[in-house]
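Scroll down for the structure; my scribbles are underneath it.
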Amino acid sequence: MTRLRRHTLVAAALVAVGLVSVTACASGSSGSRARMYDSVSSMADSSSLVVTGTVDEQRVTNDVANAGPTTLSTVRVVDTAKTDADHPAGSTIIVRQRGTAGSSHPGMLLQQGTTYLLYLGPSALEGDLAEQFFVTGGAAGVYVAEDGRTDFRRGMDEGDDLPARLSLGDALEG
C-alpha cells in the first residue's frame, strides 16, 4: 500500500470516528438539537406558541414506533405571548418530551404542578398526535416560574445564548 493511500485511509477513519462522536453527543433523551439559539426573538420566531402554563397531569407513552418512551404533559395555558385561535388562555395543550423521570438522562422534563414559560412547536406527527407540541430547542424553550406566574428562570443551560430570566412581557424580544 502506498504511503499516500495509507494516509488517506487514516484520515477517512478519523473523520468517521469524529462524525460518530458528534452524533452521539448531539442526541439523547431530549433529542438532537438542530439549532442553538442566540436570542429570545430567534427562538420565538421558531415557535408557533409561546405561553405560560401549569402542568396538570402527565403520562408516559410509547405511541411512536422506534421513538422510545415519551412523557406527555397536559399543560393548562395561563397566559399567551404568541398563540393561535385554538390555544387561548384557559385551554390545554399536550407537550411531548422524549424520556421519562426514570430515564438515566431525562433532560429537562416538565414536572406536574409546576408553572412554565414555554416555547413550543407543532409535533409534525400523524393523526391525533399532530395536535401535540414539542419544546422548541429542547431545554432552551423551558423557563420555570419563580414567583408563580410572571417571572421565569431558565430550566437548563444547553449552550444557547439566552437570558437566565424572562417575564412574559419579554418572551418575544428578550
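Scanning region 101-128 for residues that are surrounded by fewer than 16 Cβ atoms within 10 Å (Cβ to Cβ), under 16 Å from the mean Cα position of the chain (by Cα) and of a type in the set (S, T, N, Q) yields a single hit, GLN111.
Counting only residues that are surrounded by fewer than 13 Cβ atoms within 10 Å (Cβ to Cβ) and over 13 Å from LEU120 (Cβ atoms), which one in region 62-89 is modelled with the highest pLDDT? Walk me through how you get there before you give the answer.
Taking region 62-89 first, the residues surrounded by fewer than 13 Cβ atoms within 10 Å (Cβ to Cβ) are 62, 65-66, 68, 84-86, 88.
So of that shortlist, the ones also over 13 Å from LEU120 (Cβ atoms) come out as 62, 65-66, 68, 85, 88.
Working: ASN62: 89, ALA65: 89, ASN66: 87, GLY68: 88, ALA85: 93, PRO88: 96.
Result: PRO88.
So, LEU162, is that one modelled with pLDDT of 90 or more and not in a helix (DSSP H, G or I) or not? Spelling it out, LEU162 is indeed modelled with pLDDT of 90 or more and not in a helix (DSSP H, G or I). Of all residues in region 129-142, one or more are in contact with a Pro (Cβ under 7 Å, 6 or more places away or on another chain), buried (at least 16 other Cβ atoms within 10 Å of the Cβ) and over 17 Å from ASP38 (Cα atoms).
Residues that are under 8 Å from the mean Cα position of the chain (by Cα) and closer than 26 Å to ALA85 by Cβ within region 129-151 comprise PHE134, VAL135, THR136, GLY137, GLY141, VAL142, listed in sequence order.
The one condition from (1) touching a His at 6+ places or on another chain (Cβ under 8 Å); (2) at pLDDT 90 or above that GLY99 does not meet is (2).
The values are calculated or read from the model by the stated rules, or taken from the named source; none is laboratory data. Values in this document were obtained by computation on a predicted structure and should not be read as measured data. Neighbour counts are summed over all protein chains in view; Cβ atoms, including those assigned to glycine, are modelled from backbone coordinates with ideal geometry.
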